[in-house]
Number of protein chains: 2
Amino acid sequence: MKREQAKKLAKELVAKMTLDEMASQLTYRAAAIPRLGVPAYNWWNEALHGVARAGTATVFPQAIGMAATFDDALQQTIADTISTEARAKYNMQSALGDRDIYKGLTMWSPNINIFRDPRWGRGQETYGEDPYLTARLGVAFVKGLQGDGDTLKVAACAKHFAVHSGPEAIRHSFDAVARPKDMWETYLPAFEALVKEADVESVMGAYNRVNGEPACGSKVLLKDILRDTWGFKGHIVSDCWAIRDFHENHKVTDTATQSAALAIKYGCDLNCGIVYLQMLAALQEGLVTEEQVTIACERLMTTRYMLGILGDEGSEYDTISYDACDTDANDALAQTVAEKSMVLLSNDGILPLDIDALESVGVIGPNANSIACLEGNYMGTSSRYVTYLEGIRKACEGKARVFYSQGSHLYKKGISDLALPDDRLAEAVAVAKRCDVTVLCLGLDATLEGEEGDTGNEYSSGDKNDLALPKCQQNLLDAVLKTGKPVVLVLSSGSALATKSGNALLQAWYPGQAGGTALANLLFGSVSPSGRLPVTFYKGVDDLPEFTDYSMQNRTYRYFEGEPLYPFGYGLSYTKFKYTDASYQSGALTVTVQNTGAMDADEVVQVYLKDFDSPFAVKPQPVRV
Amino acid sequence: MKREQAKKLAKELVAKMTLDEMASQLTYRAAAIPRLGVPAYNWWNEALHGVARAGTATVFPQAIGMAATFDDALQQTIADTISTEARAKYNMQSALGDRDIYKGLTMWSPNINIFRDPRWGRGQETYGEDPYLTARLGVAFVKGLQGDGDTLKVAACAKHFAVHSGPEAIRHSFDAVARPKDMWETYLPAFEALVKEADVESVMGAYNRVNGEPACGSKVLLKDILRDTWGFKGHIVSDCWAIRDFHENHKVTDTATQSAALAIKYGCDLNCGIVYLQMLAALQEGLVTEEQVTIACERLMTTRYMLGILGDEGSEYDTISYDACDTDANDALAQTVAEKSMVLLSNDGILPLDIDALESVGVIGPNANSIACLEGNYMGTSSRYVTYLEGIRKACEGKARVFYSQGSHLYKKGISDLALPDDRLAEAVAVAKRCDVTVLCLGLDATLEGEEGDTGNEYSSGDKNDLALPKCQQNLLDAVLKTGKPVVLVLSSGSALATKSGNALLQAWYPGQAGGTALANLLFGSVSPSGRLPVTFYKGVDDLPEFTDYSMQNRTYRYFEGEPLYPFGYGLSYTKFKYTDASYQSGALTVTVQNTGAMDADEVVQVYLKDFDSPFAVKPQPVRV
């Protein structure tokens, strides 16, 4: 049901609750209140690029790959598909009594933080470095998730509010210091858009402090900006165990009750964690008022009524059957998105490959036959992964012979513990020498870049130290290039890397369950690349400020003063487009775009504006063309 | 070249070596002797069911699955294919200068130990519990590996000599005590056959003691039986770091030099490990003679000459190109073997499934989409795994919809750390309820059963505690069966399990790279099952002696006094066979076998003999029929 009606019912319901009962609703594992017909509910659910961690679901490309499509209409279709699967799974699971974590309808997605620094391991979860692109894609994603029905299809969550982009290793104690200009022009606009344009139902606070205040207990962020300035009406949730950080790591409070009091005071309604179990104690200590608890509880009950999972009315989505999950159509959509997400960064003319002219294709690399590199992090479980090797083999069936070598481990010195380092290098070189062309699949996966605590890797806590490939992959790349045979380099990563290129370089991100099919379609030219970089690819971290420096100066295409390796918005096609008749009239820019090449292709039309006369302009810079 | 000529050259070569140089040849990482034209060589290589640990190679079913084919001709074809791939890889790798571990031609395969107790984690590497079957398949495997050319195609190795079958946890200090009857009728016959019939080039000693002597330094085993009685002419290698066990764990010696001396005294020529680096010290201490070192070195050089990898003559196999590795034909062979290896243990008539009559097929279980369960241990890397789910999906394409649920972890309580136990149970039940039939894929993989040190699991050191499924899988099985819908249970394991059955039960072992295709062909009836159990499936470990008891009394079909769950040799077909005109004449039994059913199928004809009048018969028992 709609918010006003839901709010009314929530108020009535909460009015019947005791203080104990209200308090029992404020952590992510909300207890049942049988006497009031309130079932238990676990608020923690994930849907970053498909319903995650809840069993079988369509796995779409990782968020950064979706961003590379620059396609907000497609983004909304993806999110609509995800929420259909979420409802299908919810209906199935709750009918069988499973209401545990990841099985609910409050999705802690999308991640609309600005990918400020390429070292951040969680940058893969974002829509890149540009506030405008992030806002457009975020709004579309939330609209797709939440739907436009009488009830919320699922509740989306804009996270992590705000100014949050690493380092992971120190996120529990770090203070991100941002100038007002960067706050308002970089870190906040996407959140504002999701609140104002998409009516996002939930906002999650970040782990770190922002300009001195812990984000989940920040007067400036939660009260002044989010509630008072933007008029946010949904509920606020803490990041998981972030409120514990107040006293344990940020040291802005001394005790758990003080932390609970600080967070709820500024409007953090729901605690992912257990500090809010201290809420009654905080009440007794006089740190918290009954009104604060009541309001938080009302907001949470409002969301549940809006979802149609409280009370008797139900939801129009209750009839979505489990058949709607993991369908052929959704797989096809995942493939389309993957095709549109991959970015062709260099091509000496070798691509597209003419399969009929090839006798043999080498497929080499630790990511060539890897499922992990299709997935990224926060992923579901697909019933139909197609690895790069599998996709290429299928395309080559009956035509060219495929030779495979793992080539190297993702980051360890060798594959076999007892062997000398680089123990697959000879095989890789032999394959490259043997074959007419080699597709070399390098890069990372979520064991190398990701979230603090989730990754145990050669880098620190999920972040990268630099933009280089792991040493063993660098050795592999060098050896394969040294053969002098044609090499197409395919990079899987959620962030910018700086590598040598072969005859062509394709940035594949983490392309989801159909990644291998999509890659083959691009390599062999049944589809033309149309993806564009949603982040700047730098030549190296030497060109960048310190990772901990949250000033945007000399970061992203908007402020970077150096020469990028590949710029934001960049991406090649197999065809040519001609732009004519550009005109600007009353806020609308129109242009005629004509495909003058030989094959069908998508084109991402980009417009960059700059106000040269603005007093806030950092320095004169040419408009990007 | 042949042994006599190789031996002559080896003697001439070793005669030119200094003592230091000779000693440098006795560990698995043999040093180069440039002045004599002797290149470095790593003796440690594996080919249990395909070239292992050396990169891309065809992955055949695990040894226990090959055994279930009861087909020695097929076994020889498999081994011939493996040795072709080994030569192809060796030629490629050594041309590129890679002569490291796993890249050589001395294969430490097959494992012909008797699978005495179903708890043994390495039983999967064997050909089962029967000395005769083990001998026939072992001989065929060695003949296939070694070839019948002028040079050895590769050198095979009969391991682990002798009386070696767990427990893994105590293998470095355990004394296996076996009666003479069991030695000569159970533990030794397969080794004798491989030496006498297949001229196996190498024998590897076991870790444990046998009747008080460490196997790798046993006068009885190595000298009296192997060399003096059987006339073994090849070289003997220790299991890896087994000689160190002499002083560190068995405590039969006090020092490393004493251990080296004991091992070489009884003819252990090659040390996998580093104790033989003490050989010069042992010489100085007077524990070892120069003659002993000379003989060991000569035997090792003889093998290298026989392989054509020493001297100038080369081998007729030097022309095998890398193209011979990982071919379509080898994949097809792997599929055929997998089809013949799976054993249909029960079938209420549900199999074969009529694909045209099905709207939906559920595929459930931690092994349904698992590559690990295709592989077993000591495996290569395939370029074309087909999981059960993938095989079934392909068979159902355009016909029935496939629903998938992982169902449970292999052994952990849940999939997601934060979730309640059994967090995929609802999904699995929903799938089973939804579908016309469910294929439930349970069992183990090499993370649960395998070798001490290689597995970190809920069982101890790779062995099983009992014959039950891990608890989470038991819960899954119970829940799916409870739906009352048709269920075909597919068990992947290298050893006997005792589980409930669904409407049908198929024992798939670890079926190799084409396991999914093979399974689908059997399920949907394009191929009839023909595999037979190479081990007894017991109802539980309560029916068995202690794991540490090496008496064969009450073990295996030959001596078990209880009622098995499924007997050795058992396996159902989709058709019927009629046996007529059995006759016995001068050592040959002939019988006419007619397929009286409706479909083509293989039949394994088994004959069991017993000498009722033998004074050595343990007790009167009926001949098995």
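The values are calculated or read from the model by the stated rules, or taken from the named source; none is laboratory data. Source: prediction; values computed, not measured. With ideal geometry, Cβ positions are generated from the backbone for all residues, glycine too; neighbour counts draw on all protein chains shown. Just the protein is used for accessible areas: all its heavy atoms, side chains included, with ligands, DNA and RNA removed. Shrake-Rupley method; radii C 1.70, N 1.55, O 1.52, S 1.80 Å.
On the basis of being within 14 Å of another protein chain (Cβ to nearest Cβ) and modelled with pLDDT of 95 or more, does B:Ala135 make the cut? Against the criterion (within 14 Å of another protein chain (Cβ to nearest Cβ) and modelled with pLDDT of 95 or more), B:Ala135 does not qualify. Taking the criterion of being open to solvent by 10 Å² or more (accessible area, probe 1.4 Å), in a loop (DSSP other than H, G, I, E, B) and within 12 Å of chain B (Cβ to nearest Cβ), the residues of region A:55-101 that qualify are A:Leu96, A:Gly97, A:Asp98, A:Arg99, A:Asp100. Looking across A:Lys11, A:Lys7, A:Lys16, one residue alone is within 16 Å of A:Ala155 (Cα to Cα) and of a type in the set (Lys, Arg). It is A:Lys7. Quick check on my filter: what residues within region B:282-339 are more than 14 Å from chain A (Cβ to nearest Cβ), of a type in the set (D, E, K, R) and under 24 Å from the mean Cα position of the chain (by Cα)? Correct list: B:Glu339 only. Across region A:585-599, the number of residues qualifying as touching a Lys or Arg at 6+ places or on another chain (Cβ under 7 Å) and surrounded by 11 or more Cβ atoms within 10 Å (Cβ to Cβ) comes to 2. Within region B:102-122, if we keep just the residues that are polar (S, T, N, Q) and in contact with a Ser or Thr (Cβ under 8 Å, 6 or more places away or on another chain), the residue that is nearest to the other protein chains (Cβ to nearest Cβ) turns out to be B:Thr106.
Let's see how each residue does on (1) hydroxyl-bearing (Ser, Thr, Tyr); (2) more than 15 Å from A:Pro118 (Cα to Cα); (3) in contact with a Cys (Cβ under 8 Å, 6 or more places away or on another chain); (4) touching a residue at least 40 places away in the same chain (Cβ under 8 Å):
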| position | (1), (2), (3), (4) |
| --- | --- |
| A:Ser528 | yes, yes, no, yes |
| A:Phe537 | no, no, no, yes |
| A:Asp549 | no, no, no, no |
| A:Phe560 | no, no, no, no |
| A:Glu563 | no, yes, no, no |
| A:Phe568 | no, no, no, yes |
| A:Gln585 | no, yes, no, no |
| A:Gln606 | no, yes, no, yes |
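Tell me which residues, restricted to region A:523-543, are of a type in the set (A, V, I, L, M) and open to solvent by 20 Å² or more (accessible area, probe 1.4 Å). A:Val527, A:Val541 - these are the residues of region A:523-543 that are of a type in the set (A, V, I, L, M) and open to solvent by 20 Å² or more (accessible area, probe 1.4 Å). Among residues of region A:487-514 being closer than 22 Å to A:Leu358 by Cα and at pLDDT 95 or above, the one that is surrounded by the fewest Cβ atoms within 10 Å (Cβ to Cβ) is A:Asn503. Looking at the structure I just gave you, is A:Pro39 surrounded by fewer than 19 Cβ atoms within 10 Å (Cβ to Cβ) and either more than 14 Å from chain B (Cβ to nearest Cβ) or in contact with a Lys or Arg (Cβ under 9 Å, 6 or more places away or on another chain) (or both)? Yes, satisfied. Residues in region B:549-584 that are modelled with pLDDT of 95 or more, open to solvent by 60 Å² or more (accessible area, probe 1.4 Å) and part of a strand (DSSP E or B): B:Lys578, B:Tyr579.
Out of the residues in region B:361-390 meeting the condition of being within 9 Å of chain A (Cβ to nearest Cβ) and of a type in the set (S, T, N, Q), tell me which one is nearest to B:Pro486 (Cα to Cα). For region B:361-390, the residue satisfying everything is B:Asn369. Of all residues in region A:427-444, none satisfies the criterion of being without any contact (Cβ under 8 Å) to a residue 24 or more places away in the chain and either open to solvent by 10 Å² or more (accessible area, probe 1.4 Å) or of a type in the set (Ser, Thr, Tyr) (or both). Residues that are within 11 Å of chain B (Cβ to nearest Cβ), out of contact with any strand residue (DSSP E or B) (no Cβ under 7 Å at 6 or more places or on another chain) and surrounded by fewer than 23 Cβ atoms within 10 Å (Cβ to Cβ) within region A:391-424 comprise A:Lys394, A:Glu397, A:Gly398, A:Gly414, A:Ile415, A:Ser416, A:Asp417, A:Leu418, A:Ala419, A:Leu420, A:Pro421, A:Asp422, listed in sequence order. Can you confirm whether region B:378-399 contains a residue that is part of a strand (DSSP E or B), of a type in the set (A, V, I, L, M, F, W, C) and at pLDDT 95 or above? No, every residue in region B:378-399 fails to be part of a strand (DSSP E or B), of a type in the set (A, V, I, L, M, F, W, C) and at pLDDT 95 or above.
Residue check: A:Gln473 meets all listed conditions (1) open to solvent by 20 Å² or more (accessible area, probe 1.4 Å); (2) away from chain B (no Cβ under 14 Å) but one, namely (1).
Would you tally the residues in region A:532-543 being among the polar types (S, T, N, Q) and assigned to a helix (DSSP H, G or I)?
0
Between a first residue in region A:252-272 that is within 20 Å of A:Asp224 (Cα to Cα) and a second residue that is among the hydroxyl-bearing types (Ser, Thr, Tyr) and in a helix (DSSP H, G or I), which pairs have beta carbons less than 6 Å apart while being 6 or more apart in sequence or on different chains? Correct list of pairs: A:Ala260/A:Tyr276.
Considering region B:511-531 alone, what residues qualify as being in a loop (DSSP other than H, G, I, E, B) and in contact with a helix residue (DSSP H, G or I) (Cβ under 6 Å, 6 or more places away or on another chain)?
Filtering region B:511-531 for residues in a loop (DSSP other than H, G, I, E, B) gives B:511-514, B:524-531.
Result: B:Pro511, B:Gly512, B:Gln513, B:Ala514, B:Phe524, B:Val527, B:Pro529, B:Ser530, B:Gly531.
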